[in-house]
Every structure is written in C-alpha cells, then in structure tokens.
Amino acid sequence: MANIFKELKRELGLLNAEKHLRRVPLELELIREKIISIEEVFDFAKEYATSVHHQSSSNVGDRLNYYLTEGNLNHRKVASYFKVPPATVAGNIHYASKACSTLLGDVVNRLMEAEDLETVRASLSDFRQIKKSVMNHYDLPEILLKKVQKRKGKSSPYIKSSPYIVIPSK
C-alpha cells in the first residue's frame with residue numbers, strides 16, 4: 001500500500017457510493033459491515049499514527065493529526081500550516097503510513113476484498129486482537145488527554161514524557 005490513509009479513505013468513498021446503487025439486502029448488509037469495519041480501522045490508524053513513533057519534543061504527531069483531520073490528506077496544506085518543507089511532511093506521512101501498513105495491512109486487504117459477512121467479521125475480530133496487543137492500556141489516559149488538548153487548541157509536547165499522577169485510595 002502506498003499510503004494506507006488514502007487507501008482507506010478511497011475505499012470508504014467507493015463503498016458509500018456503492019451503497020446507494022445496491023438493492024439486494026445481503027449486498028447492502030455486506031457493504032454496511034465493510035464501511036463500519038473500515039471506519040473503525042481508519043480511526044485506529046489515525047490514533048496510532050499520531051501517538052506513537054515520535055519524539056516527545058517534535059511536532060510530528062501534530063502534523064499527522066492535522067493531515068488526517070483538517071488537512072484532508074493533503075501534505076502541502078499541512079506543510080504550509082506548519083511552515084515546514086512539503087518533503088518533510090511527505091516523509092512523516094510515508095513513515096506513519098508504513099508503520100500502519102505493517103501493522104494493519106493484512107487486515108485492511110482482507111476487509112477490502114471480502115465477499116461475505118463472515119470474512120468481514122473475522123477480519124474485524126483479527127483487527128481488534130491487533131489493537132489490543134498494540135495499545136498499552138496505561139497510554140490511554142495520555143492519548144485521551146492529548147485529544148482533549150488538541151480540541152481546545154492547546155498542545156503540549158511533553159505529554160508523552162509526563163509522569164503518571166497516582167491518587168491514593170482511602
């Protein structure tokens with residue numbers, strides 16, 4: 001896969017268009033299941049790409065988040081927003097896409113090529129196992145905090161290295 005993010009977005013667009021053309025209930029159900037599954041994989045890929053493999057002091061995660069949300073998968077728009085060369089952003093995207101493809105490539109291919117509901121459900125189950133094995137449950141509060149800060153327009157480069165706050169129970 002060249003850019004897993006663009007592939008997933010393209011596949012979602014094709015499935016949404018195909019959904020309006022199909023009339024057979026079984027085919028519609030398959031398309032709906034594929035859309036739901038690919039959206040779940042895409043959401044995880046966005047979260048995974050922006051939260052791992054970056055130094056805490058860099059803004060690579062911020063660039064990737066902007067690329068995947070407001071940048072509409074356009075690296076030139078991201079480059080102009082962050083005032084960095086487009087080649088730098090393209091490199092960031094390439095490595096993030098490669099990391100996601102290595103992790104999720106087989107599942108994504110099976111979802112895209114699935115011809116029946118059982119294959120879609122089995123692929124989604126495999127994806128959820130991968131998701132469980134990759135996501136460290138101790139990182140989830142940091143990821144959620146980072147998301148909240150981004151929504152409010154505040155970004156801290158030190159979230160990844162911040163110590164955990166332990167509240168003693170009584």
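The values are calculated or read from the model by the stated rules, or taken from the named source; none is laboratory data. All values reported here derive from a predicted model rather than from experimental measurement. Ideal geometry is used to build each Cβ from the backbone, glycine not excepted, and the neighbour counts take in all protein chains shown.
Can Arg151 be described as modelled with pLDDT of 90 or more, among the basic types (Lys, Arg) and loosely packed, with under 14 Cβ neighbours inside 10 Å? Against the criterion (modelled with pLDDT of 90 or more, among the basic types (Lys, Arg) and loosely packed, with under 14 Cβ neighbours inside 10 Å), Arg151 does not qualify. From the list Lys34, Lys46, Lys19, Lys77, the one residue that fits, being in contact (Cβ under 8 Å) with a residue 40 or more places away in the chain and farther than 15 Å from Ala99 by Cβ, is Lys34. May I ask you to verify whether Glu113 is under 11 Å from Lys34 (Cβ atoms), free of Cβ contacts under 8 Å to residues at least 24 places away in the same chain and not hydrophobic (A, V, I, L, M, F, W, C)? Spelling it out, Glu113 is indeed under 11 Å from Lys34 (Cβ atoms), free of Cβ contacts under 8 Å to residues at least 24 places away in the same chain and not hydrophobic (A, V, I, L, M, F, W, C).
Of the residues making up the stretch 61-74, those that are surrounded by fewer than 21 Cβ atoms within 10 Å (Cβ to Cβ) and under 20 Å from Thr102 (Cα atoms) number 1.
In the set (1) buried (at least 19 other Cβ atoms within 10 Å of the Cβ); (2) modelled with pLDDT under 90; (3) touching a His at 6+ places or on another chain (Cβ under 8 Å), Ala99 fails one condition alone, (1).
Residues in the stretch 111-123 include at least one that is closer than 13 Å to Ile4 by Cβ and either assigned to a loop (DSSP other than H, G, I, E, B) or not small (Gly, Ala, Ser) (or both).
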